[in-house]
Amino acid sequence: MSKEEFIKAIADAVNKYKSGFGICVASPIIAQAILESDWGTSKKAKYHNYFGLKYRKNRVTCNNGYFEDGGSEQNSDGSYTPLPSNTAWYAFDNLEKGVLGYFQFINIELYSNLKGVSDPYEYLRLIRADGYATSLDYVDNVYRIVKQYDLTQYDK
């Protein structure tokens with residue numbers, strides 16, 4: 001799948017589900033999928049987990065189980081802590097369910113501040129502050145993708 005095809009597929013799915021969850025922007029979510037899944041080529045993306053969603057029992061209902069893989073998290077001092085190789089991650093049947101899984105994952109009180117946010121940068125700032133990502137540069141890295149690929153066109 002080309003980069004353009006990946007963007008279009010993710011954008012279509014995001015725009016299909018976002019309003020049902022009170023989310024107003026698509027561009028930061030598309031960029032998250034690009035960054036987290038390396039354009040749909042990562043090991044996690046083989047399971048249609050485009051957002052690095054760690055498994056939490058009963059939190060997401062559209063998944064088809066989970067798979068195990070490692071990873072790492074960045075600490076506040078900039079160092080990294082590896083995750084165990086048996087860390088559980090959501091598995092989905094297809095791209096659309098992987099995107100729906102993202103919305104189900106963030107549909108808890110912790111992320112309620114994302115509802116109604118119409119500015120992509122603010123959305124990213126809030127989701128990072130909520131603890132969604134550990135990378136210290138997450139907001140800027142994802143927002144750079146929003147700008148580079150003109151993803152705000154999908155916010156309309």
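The values are calculated or read from the model by the stated rules, or taken from the named source; none is laboratory data. Keep in mind that what you see is a predicted model, and the values were worked out from it rather than measured. Cβ atoms come from the backbone with ideal geometry, glycine included; neighbour counts cover every protein chain shown. Only protein heavy atoms, including side chains, enter the accessible area calculation; ligands, DNA and RNA are left aside. Shrake-Rupley method; radii C 1.70, N 1.55, O 1.52, S 1.80 Å.
Given the structure, is Leu136 over 11 Å from Ala31 (Cβ atoms), buried (at least 19 other Cβ atoms within 10 Å of the Cβ) and of a type in the set (A, V, I, L, M)? When the stated conditions are applied, Leu136 does not pass them.
Hey, can you tell me all the residues within the range 1-59 that are of a type in the set (Gly, Ala, Ser), open to solvent by 10 Å² or more (accessible area, probe 1.4 Å) and more than 19 Å from Asn94 (Cβ to Cβ)? Show your work before the answer.
Of the range 1-59, the ones of a type in the set (Gly, Ala, Ser) are 2, 9, 11, 13, 19-20, 22, 26-27, 31, 33, 37, 40, 42, 45, 52.
Imposing the further condition that a residue be open to solvent by 10 Å² or more (accessible area, probe 1.4 Å) reduces the set to 2, 9, 19-20, 22, 40, 42, 52.
Once the filter is applied, which keeps residues that are of a type in the set (Gly, Ala, Ser), open to solvent by 10 Å² or more (accessible area, probe 1.4 Å) and more than 19 Å from Asn94 (Cβ to Cβ), the range 1-59 yields Ser19, Gly22.
Going by what's in this entry, would Ala33 be described as over 20 Å from Arg128 (Cβ atoms), among the hydrophobic types (A, V, I, L, M, F, W, C), outside any loop (DSSP other than H, G, I, E, B) and in contact with a Gly (Cβ under 9 Å, 6 or more places away or on another chain)? Judged against the criteria, Ala33 is not a match. Looking at (1) open to solvent by less than 30 Å² (accessible area, probe 1.4 Å); (2) out of contact with any Asp or Glu (no Cβ under 8 Å at 6 or more places or on another chain), which is the only condition Thr87 fails? Result: Thr87 passes all but (2). Annotation note: of Thr134, Thr81, Thr87, the sole residue that is more than 27 Å from Lys16 (Cβ to Cβ) and without any contact (Cβ under 8 Å) to a residue 12 or more places away in the chain is Thr81. Set side by side, the residues Val146, Val117 differ, and just one is buried (at least 18 other Cβ atoms within 10 Å of the Cβ) and in a helix (DSSP H, G or I), which is Val146.
Return the residues of the range 120-143 that are in a loop (DSSP other than H, G, I, E, B) and out of contact with any strand residue (DSSP E or B) (no Cβ under 8 Å at 6 or more places or on another chain); say none if nothing qualifies. Spell out how you get there, then give the answer.
Here is the first cut: in the range 120-143, the residues in a loop (DSSP other than H, G, I, E, B) are 130-137.
Result: Asp130, Gly131, Tyr132, Ala133, Asp137.
Does the range 95-109 include one or more residues that are more than 23 Å from Phe6 (Cα to Cα), in contact with a helix residue (DSSP H, G or I) (Cβ under 7 Å, 6 or more places away or on another chain) and touching a residue at least 60 places away in the same chain (Cβ under 8 Å)? So far as the range 95-109 goes, yes, one or more of its residues are more than 23 Å from Phe6 (Cα to Cα), in contact with a helix residue (DSSP H, G or I) (Cβ under 7 Å, 6 or more places away or on another chain) and touching a residue at least 60 places away in the same chain (Cβ under 8 Å).
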